[in-house]
Amino acid sequence: MVTGAVQLSELDQARLDGKLGKAMQFAMQTIVSAAHIDQADALIDISFAHIDACFYNGRAHLDFVNYMLEHGATLAVPSWTNNGLVSLNDLSVRDPLASREMNEARQLMQAYVKLGCNPVWTCAPYQLPGRPEFGAHIVGSESNAVSFYNSVIGARTNMYGDYLDVCAAITGRVPFSKLHRDEARAAQILFDVANIPSPIRDNDLFYHLLGYVIGRSCGNQVPAIIGLPSSCDEDDLKALSAAGSSAGSVPLFHAIGITPEAATLEIAFQDRQPQQVIELGIDDLQQARNELGKNSDQALAGIALGTPHFSYTEFERLVELLDGRSIHPGLVFYLTTSRHVFEQSQQHGWVESLRQAGVKIITDTCTYFSPVVNGLQGKIMTNSAKWAYYAPGMLPVDVLIGSLSECVESAVSGEVVLDQWVTS
Amino acid sequence: MGYFVKQKSASIQARVLISGCAEGAALVLDDTLSFWGGFNPANGEVIDVHHPQHGQRVGGRILFIPQSKGSAGTPGGIAETLRNGSGPAAFVLGERDVNISVGTLVANHLYQLNVPVVEISIEQMRQIKTGAAMTINRDGTILINR
């Protein structure tokens, strides 16, 4: 193997020499190779990993984790699982008995539990207690979670792909490169949203559209946003993280006065000038909305919420907005969330009241890559830019994006109901 | 009567990311590609409808690619296509790429393969024609037959 000039500790060398078993040796070889490719000269300790390799993508995934298990692998750090391809709770999502692939997808998820992962099965692990703290070096894999960890929490991670995430969790080590280093975290390009009227900036859809615009236009630069309202909360920042990472590659952004490495412009830009300043207006949002889907002539067939996974506060808002009303009988209404948030919401009686209203709640997975048996087709409305971006490539759907309140009003009336600002 | 001496071969010294050796015909991808979503690992076909090489199969080829893009799923797509035999004989990258390299490293280890991943410059890549026969040595030398 090619090792390059990476500095290794004595313990690293012992791992690499196979003194701690074959699984550790292979994991260490992979980490050292990654360091060589990234031209990193050192490795650092991590304190947490979010594992994506539990998401089935062919037999090789299963062979990899089985190799690690058979050769005695254990995990060096707390490691939480991303979504799986199927739901372990709900057989109506891609019936696991339906094919060899579905069976293997299920086996894969079980193998990661056996390896010692915390089976949270969520793409929004940052909504759960015990999340990493500011400044912690961690391993993120799923793109929205990488963006949220870096930007909103101020933990430090690159975008780790499958296998490297697991090898990092086994060794507890990653190359000291890119977003783990101070200099790579400086903002480079500034987006100014101060001229957008405040009723629009206070609408939850704004953050999905803004994330899409930024993802489309920032290239490989670290973006900063100025002019976000004080109402901006973690649900809004989740939407920004997910939309930016779908439309482009935004593993880190800064929101001036809001996110932890951006108290001021000077701090976010590490005392340098923005390479570019882009002022955004309503037209940019309207264009983003049009690119993410159109209100076609077809009849509305359903609603999909919860990409990334629905939070506790989103459950609360949904129950408020529905206000005891039921979903129109002609529609399907799917909501995806984590087991943890599901249980929290259950304790409040929200799960029961939503079910009675006609909402189908799914855990462990996502509705765009995990088609629900007899599920989503035709014209589907979503509140998520990420769902709107990916679903048309994977499902026979015609997508329309709307705010949470527009989704609810449409679901109740059975036809698309839009607010004024976005239709004009 | 011409005075041309037909040059038999040219060589490029690449940077080795994952060592191995290979022989085959070049397939040059003109754009980046995600191996999750943009590629079918069951048969090695480029399925991204926006990609210039949409519909091409990579099996057995020396695959020239500027870089992968997108999601955490690329290494899995690479390992799976190499496992089932529909994958390329080698990867030649225009820029270092951890995802393609790790996918190949894992497949080489699990399935006793010898697939190399090497890096050249984008300028060097522009001079490669799809179909050119070539070999890649363990030290990263690419020998192009003419």
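Nothing in this text is a laboratory measurement; each read-out follows from the coordinates by a stated rule. Values in this document were obtained by computation on a predicted structure and should not be read as measured data. Reconstructed Cβ throughout: ideal geometry from the backbone, glycine too, with neighbour counts over all protein chains shown.
Numbers below:
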quantity	calculated
Pairs of Cα atoms farther than 41 Å apart, the protein assembly as shown, %	23 percent
Folded to 0 to 90 degrees: helix A:282-291 orientation relative to chain A principal axis, Cα	80 degrees
Order of B:Met125, A:Met109 - criterion: other Cβ atoms within 10 Å of each residue's Cβ, fewest first	B:Met125, A:Met109
Cross-link pairs A:Lys294/A:Lys386; A:Lys114/B:Lys69; A:Lys360/A:Lys386; A:Lys178/B:Lys69 - those with Cα-Cα distance over 25 Å	A:Lys114/B:Lys69
Under Karplus coefficients 6.51, -1.76 and 1.60, residue-wise ³J(HN,Hα) of the stretch A:199-207 in Hz, glycine/proline x	x, 6, 5, 8, 8, 4, 5, 3, 5
D_trans [Stokes-Einstein, Kirkwood Rh over alpha-carbon pairs] for chain B, 37 °C, 0.692 mPa s, µm² s⁻¹	217 µm²/s
Cβ crowding within 10 Å averaged over residues, with A:129-138, A:145-154 ranked highest first	A:145-154, A:129-138
Computed [θ] at 222 nm, deg cm²/dmol, chain B (DSSP H ≥ 4; -39,500 (n - 2.57); rounded to nearest 500)	-6000 deg cm²/dmol
Partner chain coverage, peptide B:109-115 - average Cβ within 10 angstrom	2
Cα-projected label distance for A:Gln275 with A:Thr74, points at 7 Å along beta-carbon direction, nm	4.6 nm
Phi-based couplings in Hz for the stretch A:271-279 (Karplus 6.51, -1.76, 1.60; Gly and Pro marked x)	6, 9, 7, x, 6, 7, 10, 10, 8
Computed label-point distance, nm, for sites A:Val113 and B:Val49 using a 7 Å Cα→Cβ extension	3.8 nm
Alpha carbon centroid spacing (whole Å) that separates the stretch A:109-130 from the stretch A:155-210	21 Å
The stretch B:42-91 versus the stretch A:226-248: alpha-carbon centroid distance in Å	33 Å
A:Gln221-B:Asn145 pseudo-label distance in nm [points 7 Å out on the Cα-to-Cβ vector]	4.8 nm
Crossing angle, helix B:98-111 versus chain B [Cα axis fit, 0-90 degrees, rounded to tens]	80 degrees
Degrees, to the nearest 10: A:312-322 long Cα axis against longest axis of chain A	10 degrees
Reachable aspartates and glutamates from A:Lys19, criterion Cα separation under 12 angstrom, eight or more residues apart if same chain	A:Glu10
Cα lying deepest toward the dipole's positive end in the protein assembly as shown, options A:Leu335, A:Gly349, B:Val92, charges on Cβ	B:Val92
